[in-house]
Amino acid sequence: MSGSKEEPRRVSGDWREFFWNARTHELLGRTATSWGLVLLFYLVFYLFLAGMFAFTMYIMLLTLDDYKPTWQDRLLTPGMMIRPKGDQLEIRYSVSDTESWEDFVQNLNTFLSCKKLLRPSAYWENFQPLNADCPPDQYFIQEDSGEVRNNPKRSCQFNRTMLGDCSGLEDRFYGYSKGQPCILIKLNRVIGMLPGKDGQSPYVSCGAKNEDSEKIGPLAYFPDNGTFNLMYYPYYGKKAQVNYTQPLVAVKFLNASLNTDINVECKVVSNTLQAGSERDRFAGRVSFKLRINNQ
């Protein structure tokens, strides 16, 4: 029995001696000098790794341009967006129910005229004093001169008056109160994109899908022919072109069928941009559902 009791004591004593050996002054089997060398090694090792990482990041940052991305992996044909933003790209409202469409009107007002980030929208003429009155149907190219940067670059004016009946100036309800709603369309920005050639600007074309073709009725486009004029391109980036005003196209549905769903697709037509494919159906186009109820 005594032998069985001494065995746990021996094990416990061996463990305590391994943790701290008073005779050799060893902690966990190492002396203070040994532990110091181990810690010094790992300190130098991790400082070396941190230095290598910092040096690699420094070299990489030297290759980057503050005004233009070194690589662009965006689509050659940009996507399109609409305003107002409805739920799941659906614009549904009743003409007689003000509350059903007032959010759409407010969304357009915010986009065109209200303050964003303490700055008024650029679509007011009074806020574009530095923007140029450019000649239409030609690119506004502002190249650098060797290593001398031509920054900040100027931009061409795009005023909300160009949106005609959809500007919100003559009709503050953008046609929603009359069952003739306006939709604003914009192309996503792509630095350096040239969306047309031979003086032909890209334009927006909207239509109904398949069986809804007889429901959509006539459309009106603003500016004329629904063009994104070439003078607003190329885009040089937010930092190089701080006063850039993105061009818009407004589409007004003049006599769409009431009380029925209309599946609408708008696409950009250009002689340089590729049309969307089955692989990427959202390149250069946007689809949404429109329903106008009369009650």
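Taken over the range 190-236, the residue count meeting the criterion of being surrounded by 15 or more Cβ atoms within 10 Å (Cβ to Cβ) and not aliphatic (A, V, I, L, M) is 22. When M57 is tested against the conditions (1) outside the structural domain of C182 (by TED's automatic domain parsing); (2) of a type outside the set (K, R); (3) exposed (fewer than 10 other Cβ atoms within 10 Å of the Cβ); (4) assigned to a helix (DSSP H, G or I), the lone failure is (3).
For the range 255-278, what are the residues that are assigned to a loop (DSSP other than H, G, I, E, B) and either surrounded by 14 or more Cβ atoms within 10 Å (Cβ to Cβ) or among the charged types (D, E, K, R) (or both)? Show your work before the answer.
As a first pass, look at the range 255-278 and keep what is assigned to a loop (DSSP other than H, G, I, E, B): 255-260, 270-278.
Within the range 255-278, A256, S257, L258, S270, T272, L273, G276, E278 meet the criteria.
Could we say that L89 is modelled with pLDDT of 75 or more, touching a helix residue (DSSP H, G or I) at 6+ places or on another chain (Cβ under 9 Å) and within 30 Å of G284 (Cβ to Cβ) here? So L89 fails the test. Here's a check for you: in the range 1-43, which residue that is among the aliphatic types (A, V, I, L, M) and over 60 Å from the mean Cα position of the chain (by Cα) is modelled with the lowest pLDDT? In this case the residue turns out to be M1. When K252, K186 are checked against the criterion of being within 21 Å of L112 (Cα to Cα), in a strand (DSSP E or B) and at pLDDT below 95, K186 stands alone in meeting it. Remark: E147 falls outside the filter, which requires a residue to be at pLDDT 90 or above, more than 24 Å from P136 (Cα to Cα) and surrounded by fewer than 17 Cβ atoms within 10 Å (Cβ to Cβ).
Tell me, please, whether a residue that is farther than 22 Å from C266 by Cα, of a type in the set (G, A, S) and modelled with pLDDT of 90 or more can be found in the range 112-135. So far as the range 112-135 goes, no, none of its residues is farther than 22 Å from C266 by Cα, of a type in the set (G, A, S) and modelled with pLDDT of 90 or more. Just one of the listed residues (R291, R285, R189) is in contact with a strand residue (DSSP E or B) (Cβ under 8 Å, 6 or more places away or on another chain), in contact (Cβ under 8 Å) with a residue 40 or more places away in the chain, under 22 Å from Y139 (Cα atoms) and among the charged types (D, E, K, R), and it is R189. The conditions of being surrounded by 19 or more Cβ atoms within 10 Å (Cβ to Cβ) and more than 19 Å from the chain's Cα centre (by Cα) are not met by A240. Among the residues of the range 88-114, just one is more than 20 Å from L163 (Cα to Cα), among the β-branched types (V, I, T) and assigned to a helix (DSSP H, G or I), namely T98. Tell me, yes or no, whether the range 194-212 has at least one residue that is over 23 Å from the mean Cα position of the chain (by Cα), farther than 24 Å from G79 by Cβ and not in a loop (DSSP other than H, G, I, E, B). Within the range 194-212, one or more residues are over 23 Å from the mean Cα position of the chain (by Cα), farther than 24 Å from G79 by Cβ and not in a loop (DSSP other than H, G, I, E, B). Residues of the range 213-242 that are assigned to a loop (DSSP other than H, G, I, E, B), farther than 20 Å from A256 by Cα and of a type in the set (S, T, N, Q): N229, Q241.
The values are calculated or read from the model by the stated rules, or taken from the named source; none is laboratory data. Since the model is a prediction, treat every value here as computed from it, not as a measurement. Using ideal geometry, Cβ is built from the backbone for each residue, glycine included, and neighbour counts are taken over all protein chains shown.
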